[in-house]
Amino acid sequence: GGTGGGGSGAKASYWYLTGKPQETIRVDAVKRFNTANPNGQITATGFQNDAFKTKIKTAIGAGEAPTLIWGWGGGTLRSYAKAGQVDDLTQWFAENPNIKNRLLPTSFDAATVDGKLYAMPCETVQPIVLYYNKKVFDAAKAQPPQSWGDVMNLVTMFNAKGIAPFALGGQSRWTNMMWLEFMFDRIGGPEVFHAIFQGEKDAWSNPAAITALTKVQELVSANGFIKGFSSITADSNADQALLYTGRAAMMLHGSWSYGIQQENGGDFVPSGSLGFMNFPPVEGGKGDPSNTVGNPAQYVSISAKASADEKKIAKQFLTTGVLDAEEVKAWIGTGGVPVIQGTESQLASSKDAKFLQFVYDTASKAKTFGQSWDQALSPTAAEALLNNISKLFGMTISPQQFADSMNAVIGQ
């Protein structure tokens, strides 16, 4: 799909993802900008997820990237920056502190490469959340876990009652990854994965990493997940159905899951039966309990190959078009939390106020907001990660074998 404006002035191009309701919000933002800027138009084109990833990589490699490049930051952005394909925006942000200061500080790590900013955070913040079914907990006279020890005790208790402790769409692999992201952080702190991200030799063999991998396999061995989890896909939303139908007591999933459960779960969400919390600490761990993981934001970069006129339009869009008042309102209307500060009053007036405020507080108060590993790492390392995670949860490799396999692709 595509959208463009009229006008006879210069034109910039912008590629992003399709899919409702997000696509509508992106299209409308461009339309508003084009109406307000008749002499500096943006021609926008939408692509489905997989097609976008292929198309944008090919275009950037050929020096034919759009002026504005939508993405997830992290490892892919790092590869663009290292190749000189996207502009360094550090000085621009320094000259426009009002733009940077309105965004959540935790959103900038995934836009940063070697201390320099190569993208503007945009759209919404999406931390990973520990959800639980209050009806199931009340019936079992159980309390939400406050520590890893509590988690393992709940596993024993719910199994004894014939209820799966955790729902998991394990065939999708990235769903399993969320467990490792939190366990690495809670046991060793964010420094453990940061060393991996920085390409330090044998960083996956950190003792805290081995401990985290071991504890996750202990959870699998204790039947912590629904039987047959490795054949359940996240795209089918079957994992979420397990939670709201009461077949599973808990689930670790992204904040976007709230809207899916609300839409598909009947009166489950409206009745207040869905509980949510941050991941609990691990006894003796170094990670700050406020830390979270997930998607700190989405990101927009400016192509280094764009003309001066195109870059001027792009920067005007970043200044006045991205997260304007209408866009902020639209994201909140979809159950999202925009990646800007000071939206508490707007969130409070939403029908989903309690959850949205929880997401805002989680993102804004996190000492560290770790980016999803499959986005933070290079595409090569990310694919190796997902393959090895599948084997780890399938109990076909040991924690040390997992670390050895991942150490082999550090820096690739």
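The values are calculated or read from the model by the stated rules, or taken from the named source; none is laboratory data. Here the structure is a predicted model, which is why all the values come from computation and not from measurement. Reconstructed Cβ throughout: ideal geometry from the backbone, glycine too, with neighbour counts over all protein chains shown. Ligands, DNA and RNA are excluded from the accessible area calculation, which covers all protein heavy atoms including side chains. Shrake-Rupley method; radii C 1.70, N 1.55, O 1.52, S 1.80 Å.
Some values worked out for this structure:
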quantity	calculated
Surface per residue (accessible, 1.4 Å probe) for the range 223-376, Å²	40
The range 324-379: relative contact order in percent, alpha carbon pairs under 8 Å with at least 6 residues between	24
Restraint check, LYS100/LYS305; LYS354/LYS391; LYS57/LYS227, Cα-Cα greater than 32 Å	LYS354/LYS391; LYS57/LYS227
Label-zone membership for the range 15-35, site ASP324, 7 angstrom Cα→C-beta point, backbone N under 11 Å	28-35
Kirkwood estimate for the chain, i.e. one over the average of 1/r between Cα atoms, Å	22.2
Isotropic mean projected area of the C-alpha convex hull, the range 182-326 (nm²)	13.8
Cα-centre dipole for the range 264-354 with unit charges at Cβ (Lys and Arg positive, Asp and Glu negative), debye to 20	260
Candidate lysines - alpha carbon under 22 Å from LYS20, same-chain residues fewer than 8 apart omitted	LYS31, LYS53, LYS55, LYS329, LYS351
Top positive-direction residue, dipole computed over the chain with Cβ charges, set GLY336, GLY63, GLY115	GLY336
Percent accessible area from carbon and sulfur atoms, the chain, protein chains only, probe 1.4 Å	49
Listed residue (ILE210, VAL155, SER79) projecting farthest to the positive dipole end of the chain, Cβ model	VAL155
Heavy-atom accessible area per residue - the range 126-222, 1.4 Å, Å²	38
Restricting the range 243-347 to GluC sites (Glu not before Pro) in coil, as DSSP defines it, with at most 13 other Cβ within 10 Å	GLU283
Chain lengthening between LYS31 and ALA94 when straightened (0.36 nm per residue, less Cα-Cα)	19.9 nm
Alpha-carbon spread of the range 51-140, three principal axes, descending order, Å	60, 35, 21
Beta bridges per DSSP with both ends in the chain, % antiparallel, nearest 5	60
Extension reserve of the ASP150-LYS354 stretch, reckoned as 0.36 nm per residue once the Cα distance is removed	71.0 nm
The range 251-302: radius of gyration over Cα atoms, expressed as a fraction of 2.2 N^0.38 Å	1.55
Spacing of the two label points (7 Å from each Cα toward its C-beta) at GLN412 and GLU64, in nm	3.0
Inter-site label distance for THR214 and ASN264 at 7 Å from Cα along Cβ, in nm	3.7
The range 1-125 - convex hull of the alpha-carbon atoms, volume per residue in Å³	124
Rel. contact order, % - alpha carbon contacts under 8 angstrom, at least six apart, the range 309-412	15
Cα-centre dipole for the chain with unit charges at Cβ (Lys and Arg positive, Asp and Glu negative), debye to 20	340
Å² of accessible area per residue within the range 1-85, as computed with a 1.4 Å probe and no ligands counted	46
